[in-house]
1. Just to be sure, is GLY363 of a type outside the set (Phe, Trp, Tyr), at pLDDT 75 or above and more than 14 Å from the ligand (Cβ to nearest atom)?
2. Is it the case, given these coordinates, that SER114 is touching a Lys or Arg at 6+ places or on another chain (Cβ under 8 Å), surrounded by 14 or more Cβ atoms within 10 Å (Cβ to Cβ) and among the small types (Gly, Ala, Ser)?
3. Restricting to region 129-182, and then to whatever is touching a strand residue (DSSP E or B) at 6+ places or on another chain (Cβ under 8 Å) and basic (Lys, Arg), can you tell me which residue is surrounded by the most Cβ atoms within 10 Å (Cβ to Cβ)?
4. What pairs can you find where one residue is in region 1-29 and within 23 Å of ALA143 (Cβ to Cβ) and touching a residue at least 60 places away in the same chain (Cβ under 8 Å), the other is charged (D, E, K, R) and assigned to a loop (DSSP other than H, G, I, E, B), and their Cβ atoms are less than 7 Å apart, with a gap of 6+ or different chains?
Amino acid sequence: MKLRVRVDHKTYSALKEVEGEYREVLEDAINYGLSNETTSFTRIKAGIYKTEREKYKDLPSHFIYTACEDASERLDSFEKLKRRGRAYTEKPSVRKVTVHLDDHLWKFSLDTISISTKRSRILISPTFPKIFWRYYNKGWSIASEARFRLMKGNVVEFYVIFKRDVKPYEPKGFIPVDLNENSVSVLINSKPLLLETNTKITLGYEYRRKLTTTGKPTKDREVRRKLKRLRERDKKVDVRRKLAKLIVKEAFESRSAIVLEDLPGRTPEHMMKDVKDKQLRLRIYRSAFSSMKNAIIEKAREFGVPVLLVNPSHTSTVCPVHGTKIVYRPDGGDAPRVGVCGKGKERWHRDVVALYNLARRAGDVSPVPLGSKESHDPPTLSGWLRAKSLHSIMNEHKMIEMKV
Ligand SMILES: [Zn+2]
């Protein structure tokens, strides 16, 4: 978050001095990284610290650290650009400098922010915008790293970063999440729930990109136009993030850990019928799977919800109690939903087995097979997008069931 402060001339020139030397250290650090072919902060710092310390004797030493970090970040993104063929210069150019600060170089208080300079600390007193208070009063804390940038007319732009102050907890239960082509299923208090999505949402952009490109390699322009339209739709509603939030919130409120497959182990045979090549099909599925997975992991980190990644092999074909094979006898349809355990003869619903196996591999020991006459499918929900929580969806569903 940006705070703009107008300061007096003395303060401004103290910061200007720091900025000048920081820029020089930054340039040296970038050059060192380039000539030693490294983007690593540690290596850059080890390489230049001594000489820079000699050169800028009264610059607080932590500015050398932060400049090295800055250099490492710039080199990293330059590498990425280069790989994509988007780098138009020989080396990352240092035009604008935003001075990075760590916890030694600045102190925050609501009255004044103090910043280390060459001779002493200077103080600035920003007025905080409304949005600042919104975060500040809602339990967010200010990160130890900050930045400033000098503008014309004695104006300092000071950047503070807010972060959620959450520690991961000891989980009291597990919420396994199984990602499928047209749904995401979760298990909450032994109740399975299928959240209907569609391919676009679960598997996302990568999936469609491959679909659109395979088969039509020559019609380049048409493909590109299609992709553009899809991407625009993607931006409008980030459904994947919404879904991740619902799941993470549920886990957070019940103090549960989320259990995910480490990588999809089941070759999605029934999926992607339009892609003929088996290898390609698996690759598409994997990369797409990870974008949904990453959305969940990111959200979980924000809430401090632990995420456990477990071995995904045979999750839908092995009995969660006995570890033996489940036999799905053909019961009329070509894809029977209910199977029988080879050892205990208890019955399992296909959509639920994977969830129990995920939970079990995370350390949970309470799989519940179907009753002897039960065969109902887990509730499938399509209207979750507007829901406030998974719990409210489940309650609503119960009401509908009762009416029927
Ligand atoms: Zn069994």
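1. Working: of a type outside the set (Phe, Trp, Tyr): yes; at pLDDT 75 or above: yes; more than 14 Å from the ligand (Cβ to nearest atom): yes.
Yes.
2. On the way: touching a Lys or Arg at 6+ places or on another chain (Cβ under 8 Å): yes; surrounded by 14 or more Cβ atoms within 10 Å (Cβ to Cβ): yes; among the small types (Gly, Ala, Ser): yes.
Criteria met by SER114.
3. ARG147
4. Within 7 Å, the pairs are VAL18/LYS118.
The values are calculated or read from the model by the stated rules, or taken from the named source; none is laboratory data. Just so you know, these numbers come straight off a predicted model, no measurement behind them. Methodologically, a virtual Cβ is constructed for each residue, glycine included, from the backbone with ideal geometry; neighbour enumeration extends over all protein chains shown.
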